[in-house]
Amino acid sequence: MIDIFDDAVKSLHRLVGKKGLKPVTDLGSAEKFSHFNILRSKENAFSLFWKQPDIPAEFTLMDILDPSSPVPDPSREGPFTYEDNMVWEGKGDLTIDAGLGAQVAASGETDKSREFVLKFQINRVTTKILTDLRSRVLLKPEPWFLKQCRKRGDNLYVVTETVEVTNAPKLRVESGRKWFGKFSFPQNPYIKGQGHIDGDKKKQQSLTLPEHMVMAYQTKQLIINKDGWEVLLTKDKNQKTFSDGYRREILPIQNIEEPVSQDFKKLQNEISRRMEQLSNFSKDIQDILFHNILVMLGDRGALQDLQDMMEQFPQGDLDGPGGIILKELRKNLQNSWDYPLSCISYMLEALMVLNDTQHDLLAWSMEMKILVHQWELVKSILEPNFKYPWRIPFTLKPELLTPLQDEGVTVTYKLLEECGLIIDLNSNRSFWDLEAKVPLSALYGCLSLLQQLAVA
């Protein structure tokens, strides 16, 4: 159901088309992106090739201000009505050399339809509203949850604009696929003769969103100092939320402001170092990491909690699969400095770049043991295209699709599309897009590290 939500969000986001507006990627926590909510981001990242998305801080601007007056209402534009009723149809042919003389020739037809009516409005916290709020002072003593953000060295942002639905829209997606083909194995000593395949698959999905669900948002940075607080009206990357704060540097980190290299080998080397670090853990720990991360892929909050706790290791504890990982690490690592735990944080950071749909697809891929085949395919896309800052066509290598089989190909295509690549299911022609580079690099990192754990 999550991919239906993602389709609707991306469609509405393109329609509004405002610079700085970000789509909501997490269906389960969309309510945490309402106006006045506080989001946090990490000042530093473990990779030079991606940055983690905004994290709900679980409190609002009003929660840290003296409650001397009612919460002001934002200005509202709308309501607007957006109707999306689209149909895709396509036909194609494909011949794959499967090795040992085997060939699979197939032709197919695909169709997909999407239908929804969104009534929406734009809510904006204006400069006047922020000016009026400046008369309200910060709570004293400082709330414990704000102290945690200060201790981590988080940068905090106030949601100042939202796009929210004003109806309870029902989203519908219907897809179908027919394929016909034949195969032959003339040189394979274990399989004789020829044969044919055909199939017909249809899928219908629907999802009703609650009224007032946030679909997109915009933020401005919150500054807290000894003189009070303010919200920056213009972006300043040199400003920090807590000028007198500190960050407990347990793990080696890299500054996200460094320019992203155009050299794919640097990404490979970065990931290879983390894979080597993971390989130093015992097989038992690697198994525990693999299976408990698999469980957490359905819970973004659990992944985020584990990432936060890894920065405080060996302190801190959690319930559930994240707690199992922390417990096993403490039990087996008598001296944590002998093991670079940053490789685990690196993997979690890469996972958090991916959206919920990709988490579900990745979990399925882990269970089906096709990570290595997906890794080879993603590498074949990134390596030749990494340096290009513009949209160019590329061709997927058919021999890399063969081991994935039918449903594995569909899942892998969806993983790639969610990164922003334009994948044509009915031909070998697809398109590289610069916006896909960051999520695709994170996907490549996830596949590499999870496969390392899988074969331990």
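The values are calculated or read from the model by the stated rules, or taken from the named source; none is laboratory data. The model shown is predicted, which means the values in this text are computed figures rather than measured ones. In this analysis, Cβ positions are derived from the backbone assuming ideal geometry, glycine residues included, and neighbour counts consider all displayed protein chains. These accessible areas exclude ligands, DNA and RNA; they are computed on the full protein's heavy atoms, side chains included. Shrake-Rupley method; radii C 1.70, N 1.55, O 1.52, S 1.80 Å.
Remarks
- The stretch 136-151: number of residues that are in contact with an Asp or Glu (Cβ under 8 Å, 6 or more places away or on another chain), in a helix (DSSP H, G or I) and either among the hydroxyl-bearing types (Ser, Thr, Tyr) or farther than 15 Å from Ile223 by Cα (or both): 1
- Cross-chain or 6+ apart pairs with Cβ under 9 Å, the stretch 261-286 first and in contact (Cβ under 8 Å) with a residue 12 or more places away in the chain and farther than 12 Å from Tyr346 by Cβ, then open to solvent by 100 Å² or more (accessible area, probe 1.4 Å) and in a helix (DSSP H, G or I): Asn280/Asp338
- Helices (runs of 4 or more DSSP H) contained entirely in the stretch 339-419, each with at least 3 residues that are within 18 Å of Gln451 (Cβ to Cβ) and open to solvent by 20 Å² or more (accessible area, probe 1.4 Å): 356-368, 371-385
- When residues of the stretch 354-407 are limited to those that are among the hydroxyl-bearing types (Ser, Thr, Tyr) and touching a residue at least 24 places away in the same chain (Cβ under 8 Å), the one nearest to Gly298 (Cα to Cα): Thr357
- Among the residues of the stretch 23-55, those identified as under 21 Å from Asn123 (Cα atoms), in a strand (DSSP E or B) and open to solvent by less than 30 Å² (accessible area, probe 1.4 Å) are Asn37, Ile38, Leu39, Arg40, Ile55.
- Looking only at residues of the stretch 181-226 that are modelled with pLDDT under 55 and among the basic types (Lys, Arg), we find that the one that is most open to solvent (accessible area, probe 1.4 Å) is Lys192.
So that you can scan it fast, the table gives a plain yes or no per residue for (1) at pLDDT 65 or above; (2) open to solvent by 90 Å² or more (accessible area, probe 1.4 Å); (3) under 30 Å from Asp7 (Cβ atoms):
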| position | (1), (2), (3) |
| --- | --- |
| Ser107 | no, no, yes |
| Thr110 | no, no, yes |
| Leu118 | yes, no, yes |
| Leu133 | yes, no, no |
| Leu138 | yes, no, no |
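Listed here are the residues, each with its yes/no results for (1) of a type in the set (Phe, Trp, Tyr); (2) open to solvent by 50 Å² or more (accessible area, probe 1.4 Å); (3) part of a loop (DSSP other than H, G, I, E, B); (4) at pLDDT 85 or above.
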{"position": "Glu77", "(1), (2), (3), (4)": "no, yes, no, yes"}
{"position": "Trp88", "(1), (2), (3), (4)": "yes, yes, no, no"}
{"position": "Gln121", "(1), (2), (3), (4)": "no, no, no, yes"}
{"position": "Leu130", "(1), (2), (3), (4)": "no, no, no, yes"}
{"position": "Glu161", "(1), (2), (3), (4)": "no, no, no, yes"}
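- Scoring Ser34 on the criteria (1) of a type in the set (S, T, N, Q); (2) under 18 Å from the mean Cα position of the chain (by Cα); (3) modelled with pLDDT of 90 or more leaves a single failure, condition (2).
- Number of residues in the stretch 420-441 that are open to solvent by 40 Å² or more (accessible area, probe 1.4 Å) and among the hydrophobic types (A, V, I, L, M, F, W, C): the value is 5.
- Restricting the stretch 316-338 to residues that are open to solvent by 40 Å² or more (accessible area, probe 1.4 Å), outside any loop (DSSP other than H, G, I, E, B) and charged (D, E, K, R) leaves a set whose member that is modelled with the lowest pLDDT is Asp338.
- Residues of the stretch 258-299 classified as in a loop (DSSP other than H, G, I, E, B), of a type in the set (Val, Ile, Thr) and touching an Asp or Glu at 6+ places or on another chain (Cβ under 9 Å), total: 0
- Cβ pairs under 9 Å, 6+ apart, first in the stretch 294-313 and under 17 Å from Ala363 (Cβ atoms) and touching a residue at least 40 places away in the same chain (Cβ under 8 Å), second open to solvent by 40 Å² or more (accessible area, probe 1.4 Å) and in a helix (DSSP H, G or I): Leu294/Glu367; Leu297/Asp360; Gly298/Asp360; Arg300/Gly28; Gly301/Gly28
- Test: residue in the stretch 294-305 that is modelled with pLDDT of 90 or more and surrounded by fewer than 16 Cβ atoms within 10 Å (Cβ to Cβ): yes
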